[in-house]
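What follows is a set of notes on a single structure, which appears directly below.
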Amino acid sequence: MPGSVPLALGLDTVGLQVPWYFRCPISLELMQDPVTVATGQTYDRASIESWVATGNTTCPVTRAPLADFTLIPNHTLRRLIQEWCVAHRSLGVERIPTPRVVLGAADGVIEGLVALVDEKANARAVRIGIRGLFALCLAKENRQRAVSAGAASALARRVAEGGCVGELERALAAVERLSRTEGGREAVVSGAGGGAAVVIALVRAMSGRGAEHAAGALVAVVGGSEGLQLEAVRAGAMSQLLMMVQGGCSERAKRKAQHLLKLLRSAWPTTDSMANSADFLQPY
């Protein structure tokens with residue numbers, strides 16, 4: 001790996017070089033707000049937030065799944081970058097700006113996005129609201145507040161009504177995360193119009209690109225409720241899950257499908273040969 005790379009912004013003309021470890025692996029530009037993700041890799045905050053906001057769930061460098069999307073500020077690296085900028089000020093290098101406040105910390109942001117999701121007559125507003133809530137809910141520290149602000153109910157309502165205006169996958173991803181947050185499951189169920197309604201909507205969603213998140217949300221919704229487990233089987237969950245296990249889904253999606261299959265096993269009709277089969281029930 002090279003020790004340094006030429007600096008962009010026209011400063012390479014004076015022979016100035018930036019150490020490679022000061023550059024974001026995504027943008028290849030000097031990092032202004034370095035943050036570390038769950039895999040231990042560090043990126044510029046703007047770049048990694050843009051990466052996950054477009055639906056990516058893996059670390060750009062390692063390609064490993066990001067089980068936790070919390071971004072931890074790398075204060076040591078930022079201080080070193082700032083010192084490097086100051087040392088080269090005579091060559092036109094400016095100090096990096098103070099990191100911005102993390103989205104969601106300001107009062108009213110989540111509530112405003114929830115209001116956008118509820119704008120039934122404005123597809124653009126709904127799209128912006130879903131994208132914003134998706135990005136915010138990637139960080140654990142925002143989820144409880146999102147549930148309290150009505151995000152889980154609003155998103156579940158959109159999923160149940162089929163009104164996600166091209167943002168179904170992001171809506172399902174947010175619903176899955178919020179359904180595992182305290183009070184989130186109940187909010188998802190009430191927002192969709194009841195247990196049966198949300199189960200039917202999530203089973204229906206398992207036939208599309210958001211299948212993994214729909215299955216994950218179903219685990220939270222039907223867990224501990226025999227009635228809702230039976231409702232999921234009646235809605236056709238078994239065939240959808242078996243297609244996920246046998247198809248070209250990611251390994252993480254398959255694990256979620258296998259876990260849900262195991263959870264629903266007691267609700268399968270006893271006359272169904274699959275009720276006594278463990279072929280697809282691998283450890284979760």
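Residue 81 satisfies every condition listed in (1) modelled with pLDDT under 85; (2) part of a helix (DSSP H, G or I) except (1).
Taken over segment 59-78, the criterion of being modelled with pLDDT of 85 or more, within 15 Å of the chain's Cα centre (by Cα) and either surrounded by fewer than 14 Cβ atoms within 10 Å (Cβ to Cβ) or assigned to a strand (DSSP E or B) (or both) is satisfied by 64 alone.
For segment 42-55, filtered to residues that are free of Cβ contacts under 8 Å to residues at least 40 places away in the same chain and buried (at least 17 other Cβ atoms within 10 Å of the Cβ), the residue that is nearest to residue 134 (Cα to Cα) is 51. Is there a residue in segment 98-110 that is at pLDDT 85 or above and of a type in the set (D, E, K, R)? There is no residue in segment 98-110 that is at pLDDT 85 or above and of a type in the set (D, E, K, R).
Yes/no per residue for (1) acidic (Asp, Glu); (2) assigned by TED's automatic domain parsing to the domain that holds residue 242; (3) within 22 Å of residue 259 (Cβ to Cβ):
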| site | (1), (2), (3) |
| --- | --- |
| 157 | no, no, no |
| 160 | no, no, no |
| 163 | no, no, no |
| 182 | yes, no, yes |
| 218 | no, yes, yes |
| 227 | no, yes, yes |
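The values are calculated or read from the model by the stated rules, or taken from the named source; none is laboratory data. Values in this document were obtained by computation on a predicted structure and should not be read as measured data. Every residue, glycine as well, gets a Cβ built from its backbone with ideal geometry; the counts of neighbours run over all protein chains shown.
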